[in-house]
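Have a look at the structure below before the remarks.
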């Protein structure tokens with residue numbers, strides 16, 4: 001696709017479950033070839049949005065076009081061109097790794113012979129070739145996740161939807177998944193992912209929206225979001241004592257912004273080291289000091305007053 | 001290594017669409033799974049009819065000197081047993097497999113994320129149930145035929161009857177399993193539907209020997225209608241009730257069950 005028309009276009013998109021509004025009139029446009037993220041805590045409406053984009057959940061309101069088609073009317077035709085990696089594994093544990101791919105490829109009308117070839121290539125891509133003929137049941141969480149990603153690629157999709165692709169994986173398994181997703185992105189596959197990990201969003205997304213309570217509260221590239229909604233650096237201070245509150249009030253003048261968390265105070269400043277010197281000059285002695293660059297976590301905290309992972 | 005594979009993939013960029021026969025692709029999936037487990041099942045498919053012939057023919061039959069309706073008890077009972085075998089297989093294959101695909105493995109959700117429709121997923125599952133019912137019924141027919149318990153070559157017609165009964169009970173059972181909130185509901189189905197039906201729907205003794213009220217309960221079950229047809233086929237005699245009536249009644253169960261199952265599955269998948 002070389003046209004400028006977005007692959008996914010949502011205007012005022014709403015999803016209600018009974019009286020509960022999970023997605024509250026969001027506008028989203030995903031362009032071909034970009035990696036687009038939905039960042040937000042659990043319950044922000046990310047998965048509901050993904051299910052609507054995956055054409056398995058009819059919108060309750062607003063407009064949604066995917067690949068120029070209507071998800072309600074053209075569901076199967078759109079799904080034929082999507083790859084879906086759901087939040088929870090939906091593999092058949094009784095079949096082998098290879099059989100899971102081949103049987104799935106058949107749903108897309110891919111000939112058995114082609115399906116065999118493609119399965120072998122994809123298993124190579126996700127580094128599961130050695131386990132091709134073992135059952136899925138005993139595989140580790142990371143391996144199952146990689147197999148799910150391979151399955152999502154079996155039809156050479158134009159858009160790959162990944163709902164929390166690395167939730168529950170250990171750090172090593174996460175990095176392997178990121179590496180493969182990055183490679184897909186390099187090949188020009190459009191990626192749409194949800195995550196509540198800031199590092200994941202920063203690593204993979206060209207552009208993202210921050211969701212909270214079913215609404216989009218900010219949109220942009222990770223760098224622009226950080227520039228717009230946070231300072232360059234953050235000083236994390238931990239003070240001895242029951243509450244951080246009394247210490248925080250003394251820091252009011254120091255930075256652009258002060259956030260008080262139960263276990264630490266965050267001081268948003270242009271220059272971290274200079275701020276640390278000023279804290280000491282005030283006669284305050286925190287038991288722990290950390291100077292770091294601002295990240296999406298800080299953006300989220302600023303926009304919602306809450307941390308991403310409670 | 002990985003990147004080479006993907007380059008190859010990109011080179012063959014033929015765009016797949018929805019499968020031309022999507023339900024068939026779903027059936028193939030079920031057959032691939034069955035390939036791993038069929039051996040255990042085959043033994044029981046042949047063992048069960050053998051034991052039945054021995055137990056009822058040689059054992060129970062020995063106490064029933066006069067036979068039933070002028071034929072030996074074994075010959076009388078074999079058609080009904082075939083129908084009840086079809087019933088057991090149809091219900092077993094549309095309870096836990098359906099429940100598991102929604103609640104445990106969530107395979108139906110994976111299928112629905114692909115270009116399949118609710119109808120395709122259901123049709124593929126039910127086609128597999130029919131395959132299981134037909135192969136079990138054929139094995140039953142083969143064994144009982146070899147052991148000389150069939151009185152007529154019309155007995156082959158018991159196969160389509162078994163298939164129709166299979167659909168008549170599997171479709172509503174699919175709806176029930178898709179709606180069940182816990183798997184203990186499935187065991188209840190066997191306790192309160194399958195076992196009473198098997199005991200009172202004319203498999204082991206003529207329904208006419210029941211008091212009138214209970215007799216009507218038997219007539220309501222889909223099993224009795226299949227038993228009457230299946231028995232007629234294995235005996236080479238006319239059924240008690242009209243053939244068309246039986247077929248229409250079973251077809252009504254299948255059609256009603258299909259609609260209920262479609263609605264139940266849709267409610268689970270499309271939310």
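Things worth noting here:
- Residues that are closer than 27 Å to residue A:306 by Cα, out of contact with any helix residue (DSSP H, G or I) (no Cβ under 9 Å at 6 or more places or on another chain) and touching a residue at least 12 places away in the same chain (Cβ under 8 Å) within region A:12-42 comprise A:12, A:14, A:16, A:21, A:24, A:25, A:27, A:29, A:36, A:42, listed in sequence order.
- Checklist (1) within 12 Å of residue A:101 (Cα to Cα); (2) not in a loop (DSSP other than H, G, I, E, B) applied to residue A:133, failing item: (2)
- Every residue from region B:103-118 that is outside any loop (DSSP other than H, G, I, E, B) and within 7 Å of chain A (Cβ to nearest Cβ): B:107, B:109, B:110, B:111, B:112, B:113
- The residues listed here are A:169, A:225, A:191, A:181; of these, the one that is part of a strand (DSSP E or B), in contact with a helix residue (DSSP H, G or I) (Cβ under 9 Å, 6 or more places away or on another chain) and in contact (Cβ under 8 Å) with a residue 24 or more places away in the chain is A:191.
Residue-wise test of (1) more than 9 Å from chain B (Cβ to nearest Cβ); (2) in contact (Cβ under 8 Å) with a residue 60 or more places away in the chain; (3) closer than 21 Å to residue A:12 by Cβ; (4) not in a loop (DSSP other than H, G, I, E, B).
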| position | (1), (2), (3), (4) |
| --- | --- |
| A:57 | no, no, yes, no |
| A:71 | yes, no, yes, no |
| A:76 | no, no, no, yes |
| A:105 | no, no, no, yes |
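- Members of region A:211-225 found to be more than 30 Å from residue A:19 (Cβ to Cβ) and crowded, with 20+ Cβ neighbours inside 10 Å, listed by number: A:222, A:225
- Those residues of region A:43-66 which are on the phi > 0 side of the Ramachandran plot and in contact with a helix residue (DSSP H, G or I) (Cβ under 6 Å, 6 or more places away or on another chain), in sequence order: A:55
- Taken as a whole, the condition of being surrounded by 14 or more Cβ atoms within 10 Å (Cβ to Cβ), modelled with pLDDT of 95 or more and out of contact with any helix residue (DSSP H, G or I) (no Cβ under 7 Å at 6 or more places or on another chain) applies to residue B:160.
- The single residue among A:147, A:161 that is modelled with pLDDT of 95 or more, part of a strand (DSSP E or B), buried (at least 20 other Cβ atoms within 10 Å of the Cβ) and within 12 Å of chain B (Cβ to nearest Cβ) turns out to be A:161.
- Some residue of region A:84-91 being in contact with a strand residue (DSSP E or B) (Cβ under 8 Å, 6 or more places away or on another chain) and either free of Cβ contacts under 8 Å to residues at least 60 places away in the same chain or within 9 Å of chain B (Cβ to nearest Cβ) (or both): yes
- For residue B:79, the test of being at pLDDT 80 or above, more than 30 Å from residue A:79 (Cα to Cα) and either out of contact with any helix residue (DSSP H, G or I) (no Cβ under 7 Å at 6 or more places or on another chain) or exposed (fewer than 15 other Cβ atoms within 10 Å of the Cβ) (or both) is failed.
- The condition of being buried (at least 18 other Cβ atoms within 10 Å of the Cβ) and either touching a helix residue (DSSP H, G or I) at 6+ places or on another chain (Cβ under 8 Å) or more than 18 Å from residue A:176 (Cβ to Cβ) (or both) does not hold for residue A:88.
- The set of residues in region B:15-40 that are more than 8 Å from every other protein chain (Cβ to nearest Cβ) and at pLDDT below 80 contains only B:40.
- Search result, residues across region A:1-44 that are within 14 Å of another protein chain (Cβ to nearest Cβ) and under 21 Å from the mean Cα position of the chain (by Cα): A:15, A:22, A:23, A:33
- Taking the listed residues B:110, B:138, the one that is out of contact with any helix residue (DSSP H, G or I) (no Cβ under 6 Å at 6 or more places or on another chain) and buried (at least 22 other Cβ atoms within 10 Å of the Cβ) is B:110, with no other qualifying.
- In region A:279-290, the residues that are loosely packed, with under 11 Cβ neighbours inside 10 Å form Cβ pairs under 7 Å with partners that are in a strand (DSSP E or B) and at pLDDT 90 or above, at six or more places apart or across chains, as follows: A:287/A:238.
- Residue count for region A:113-125, restricted to those that are more than 9 Å from chain B (Cβ to nearest Cβ) and surrounded by fewer than 18 Cβ atoms within 10 Å (Cβ to Cβ): 2
- Matching option when the condition is within 18 Å of the chain's Cα centre (by Cα), within 19 Å of residue B:52 (Cβ to Cβ) and buried (at least 17 other Cβ atoms within 10 Å of the Cβ), among B:150, B:235, B:165: B:165
The values are calculated or read from the model by the stated rules, or taken from the named source; none is laboratory data. This structure is a prediction, so every number in the text was calculated from the model and none was measured. Here the Cβ is made from the backbone with ideal geometry for all residues, glycine too, and neighbour counts use every protein chain on show.
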